[in-house]
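Participant: My questions will all concern the structure given below.
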Amino acid sequence: MQRPSPKRMLHVLALVLAVVTAVLVLFMPSYTVVTTDSSGASTTETLSIWQYNGPMFALVVAIPVVIALIPALMRGRWWPLASVVSAGLLLGFAFLGALSLGFAFLPAALAASIAAMRRPRLGSDDR
């Protein structure tokens, strides 16, 4: 068994970065809710996206994870094309969602872009 190519390892890195980012985006505190009752006492709560928006937001965060997963699992003739398409989609997600959570996925998009620019190793099963 031979070592995976650097291109394959960069795809795995992009996938790991996308998964870690998705978990952080979902569960890190990002909302502050202040409520005031009729007596004037105020309560401040810090909520995560999961707590504030509910589990449906996990579908939005899963999009870049699925995009990064495709070239990490794919083999064969279409792998280089899937690599380029994945990098483009991740960059698009990062920049189109820049005002909300898009820039959080920029490290995964950059790793996928670097992987897309590399050539597969000759003689490997990555082609």
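The values are calculated or read from the model by the stated rules, or taken from the named source; none is laboratory data. The model shown is predicted, which means the values in this text are computed figures rather than measured ones. Neighbour counts are summed over all protein chains in view; Cβ atoms, including those assigned to glycine, are modelled from backbone coordinates with ideal geometry. Just so you know, the surface numbers come from the protein's heavy atoms only, side chains and all, with ligands and any DNA or RNA stripped out. Shrake-Rupley method; radii C 1.70, N 1.55, O 1.52, S 1.80 Å.
Participant: Identify, by number, the condition in (1) open to solvent by 50 Å² or more (accessible area, probe 1.4 Å); (2) touching a residue at least 60 places away in the same chain (Cβ under 8 Å) that residue 42 doesn't meet.
Facilitator: (2)
Participant: On the given criteria, is residue 30 more than 11 Å from the chain's Cα centre (by Cα), more than 16 Å from residue 12 (Cα to Cα), at pLDDT below 90 and assigned to a strand (DSSP E or B)?
Facilitator: The answer is yes for residue 30.
Participant: Are there any pairs, at least 6 apart or on different chains, whose C-beta atoms fall under 8 Å, with the first in segment 78-104 and closer than 17 Å to residue 15 by Cα and part of a helix (DSSP H, G or I) and the second at pLDDT below 90 and charged (D, E, K, R), and if so, which?
Facilitator: Once the first residue is closer than 17 Å to residue 15 by Cα and part of a helix (DSSP H, G or I) and sits in segment 78-104, its partners that are at pLDDT below 90 and charged (D, E, K, R) give 79/126; 79/127; 80/127; 83/7.
Participant: When you check residue 8 against the structure, is it at pLDDT below 90, in a helix (DSSP H, G or I) and more than 14 Å from residue 101 (Cβ to Cβ), yes or no?
Facilitator: So residue 8 fits the description; yes.
Participant: Which members of segment 30-39 meet the condition of being in contact with a helix residue (DSSP H, G or I) (Cβ under 9 Å, 6 or more places away or on another chain) and either open to solvent by 60 Å² or more (accessible area, probe 1.4 Å) or at positive phi (or both)?
Facilitator: Result: 30, 31.
Participant: Please indicate, with yes or no, whether at least one residue in segment 12-20 is touching a helix residue (DSSP H, G or I) at 6+ places or on another chain (Cβ under 7 Å), in a helix (DSSP H, G or I), over 28 Å from residue 117 (Cα atoms) and open to solvent by less than 60 Å² (accessible area, probe 1.4 Å).
Facilitator: The first filter runs over segment 12-20 and keeps only residues touching a helix residue (DSSP H, G or I) at 6+ places or on another chain (Cβ under 7 Å), leaving 12-15, 17-19.
Subset that is in a helix (DSSP H, G or I): 12-15, 17-19.
Next cut, over 28 Å from residue 117 (Cα atoms) only: none.
Looking for residues that are touching a helix residue (DSSP H, G or I) at 6+ places or on another chain (Cβ under 7 Å), in a helix (DSSP H, G or I), over 28 Å from residue 117 (Cα atoms) and open to solvent by less than 60 Å² (accessible area, probe 1.4 Å), one finds none in segment 12-20, hence no.
Participant: In a helix (DSSP H, G or I) and open to solvent by less than 50 Å² (accessible area, probe 1.4 Å): which single residue out of 63, 67 fits that description?
Facilitator: Going through 63, 67 in turn, just one is in a helix (DSSP H, G or I) and open to solvent by less than 50 Å² (accessible area, probe 1.4 Å): 67.
Residue-wise test of (1) within 29 Å of residue 2 (Cβ to Cβ); (2) of a type outside the set (A, V, I, L, M); (3) touching a Lys or Arg at 6+ places or on another chain (Cβ under 9 Å).
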residue	(1), (2), (3)
15	yes, no, no
20	yes, no, no
26	no, no, no
31	no, yes, no
42	no, yes, no
58	no, no, no
84	yes, no, no
110	yes, no, no
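Participant: While we're looking at this one, here's another question. Can you name the residue in segment 111-127 that is surrounded by fewer than 18 Cβ atoms within 10 Å (Cβ to Cβ) and at pLDDT 90 or above and is also farthest from residue 30 (Cα to Cα) among such residues?
Facilitator: So the residue we want is 117.
Participant: Yes or no: segment 73-96 includes at least one residue that is within 14 Å of the chain's Cα centre (by Cα), under 25 Å from residue 31 (Cβ atoms), modelled with pLDDT under 95 and surrounded by 18 or more Cβ atoms within 10 Å (Cβ to Cβ).
Facilitator: Of segment 73-96, the ones within 14 Å of the chain's Cα centre (by Cα) are 86-96.
If we keep only those that are under 25 Å from residue 31 (Cβ atoms) too, we end up with 93-96.
Add one more test, that the residue is modelled with pLDDT under 95, and what stays is 93-96.
The next check asks that each one be surrounded by 18 or more Cβ atoms within 10 Å (Cβ to Cβ); those that pass are 93-94.
Yes, segment 73-96 has at least one match.
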